[in-house]
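Below is one structure, written out as structure tokens; the observations come after it.
The values are calculated or read from the model by the stated rules, or taken from the named source; none is laboratory data. Every value quoted in this text rests on a predicted model; they were computed, and no experiment measured them. No Cβ is skipped: glycine too gets one built from the backbone with ideal geometry, and neighbour counts run over all protein chains shown. The accessibility values were calculated without ligands, DNA or RNA, using every heavy atom of the protein model including side chains. Shrake-Rupley method; radii C 1.70, N 1.55, O 1.52, S 1.80 Å.
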Amino acid sequence: MTGFDPTAATNAYLAALPPAGHLKAIHYTQGGHWVLLWGWLVTVVAAFLILRSGLLHRLRKRIDGARRRPLAASAVVALVFLLLDWLLTLPWSAYADWWRQKQYGLSNQGFPAWLGEAALAGVISAIGLGLFLVVLYALIRRAPRTWWAWATGVAVVFIVFGLLIAPIAIEPLFNTFTPAPPGPVRDQVVALAKKAHVPSDKIYIYNGSKQSNRYTANVAGLFGSARVAMSDVMFQKGADLAEVRGVVGHEMGHYARGHVIWGALWVAIEALLAFGLMQLLFPWFDNTVTRLQEADADHFSLVVANEPDGLSKALVKTIEYRADSPSAIEEFLFYDHPSVRRRVQTAMDWKAAHMTATGEGTTP
């Protein structure tokens, strides 16, 4: 449309957040990079201390005793390692995931509640990882030359199973999910789902404010368990119908484009490529793949929901925990989403390219 400047519109959206808010977001985001790096170091040190103590070796020898029981030994050793690792890294987790979030106004959760949920998450992780490590150890013993290929297949099974049951059996342990009530919001979302050819019977609102003040929504599950969920924080922060359509259109894009499946396949490739240095070297590549998926979901939302302004308004509300204008290298190394500025600019470019002469958006 003549006279519409996408760059000026992008700047106008970003200016909706005052300079102090942007500065706070930059401090939080860039500090988060250091938290990520220090967290990796804490994990390495914790593992080193556990292994250096010799406790796992002594425990394995005691379990084996005079009769070899490799599966029982590997199961107990794995669980003890995971428990000790959780305990040793707990102070850091409390700082990074609870105290720091409260300092930036991103959470109102009390420490006892946070600790309870962290313990529950630790138990769930210990069960899943413990089982995987037992199977992995068995494969190494039985197929010393080809264990890595078999282990990749096992990893895929674990990943798919986890994705399948997460919205059914795991996420409800932490939050309450209720179907979006009858009304304009649900009507708009159902209509959008039908337009996008995605299931329209699993649209939920959950009490995300219980843990965080972040403006967010998500898609989870596979096949029959797939669902879209919007945090109640969206509505506490005044999300209008345009924002809801823009955000839900984005999440439906993840479903329609099969990003969960592609993500699982990517993790399977990671498992194939590394059971060692992968944790150190490949987060950069993970972020790149995820950024591409997020950009694709944005595009899907723009085409199907036709709400560049709604999506942009929603994106601006995420700046408080993700600075909008990182450097190129900062975005490449640390951002698992495209920067807010880049995403809003893309939305405004799309708007400019699809405006009619009267100033109204075109209907895809």
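Taking the dipole about the Cα centre of the chain, with the C-beta of Lys and Arg at +1 and of Asp and Glu at -1, give me whichever of GLY183, PRO19, TYR104 is farthest to the positive side. Looking along the dipole axis, the top candidate is TYR104. Dividing the radius of gyration of the alpha carbons in region 15-113 by their Kirkwood radius gives 1.22 for Rg/Rh.
If you take all other residues with their beta carbon under 9 Å from the beta carbon of GLN109, and give Lys and Arg +1 and Asp and Glu -1, the sum is +1. Sorted from longest to shortest, the spans of the Cα atoms of the chain along the three principal axes equal 85, 42, 37 Å.
Of ASP324, ASP336, the residue with the largest accessible area leads and the full order is ASP336, ASP324 (1.4 Å probe).
Charges were assigned to the Cβ only: +1 to each Lys and Arg, -1 to each Asp and Glu. The resulting dipole of region 135-221 about its Cα centre is roughly 280 debye. If the chain linking LEU49 and PHE4 were pulled fully straight, counting 0.36 nm for each residue of separation and taking away their Cα-Cα distance, it would gain 10.2 nm.
Express in % the proportion of alpha carbon pairs of region 194-351 at distances exceeding 22 Å. So the portion of pairs separated by more than 22 Å is 44 percent. Give LYS24/LYS317; LYS195/LYS351; LYS194/LYS351; LYS210/LYS237; LYS24/LYS351; LYS24/LYS237 a once-over and call out the pairs whose C-alpha atoms are over 25 Å from each other. Listed pairs above 25 Å: LYS24/LYS351. Taking every alpha-carbon pair in region 158-241 and binning the separations at 10 Å intervals from zero gives 17, 49, 31, 4 percent.
Stretched out straight at 0.36 nm per residue, the stretch from ILE26 to ASN108 would grow longer than its current Cα-Cα span by 27.4 nm. Normalising the average separation of contacting C-alpha pairs (under 8 angstrom, six or more residues apart) by the number of residues puts the relative contact order of the chain at 22 percent.
Ligands, DNA and RNA left out, the accessible area of the chain computed with a 1.4 Å probe is 68% carbon and sulfur. The ellipsoid that matches the Cα gyration tensor of region 82-186 has semi-axes, each √(5λ) in whole angstrom, of 33, 23, 11, with the longest given first.
Between 0 and 90 degrees, the angle of helix 70-93 with respect to the longest Cα principal axis of the chain falls at about 50 degrees.
Based on protein heavy atoms only, the chain ends up with 52 Å² per residue of surface accessible to a 1.4 Å probe.
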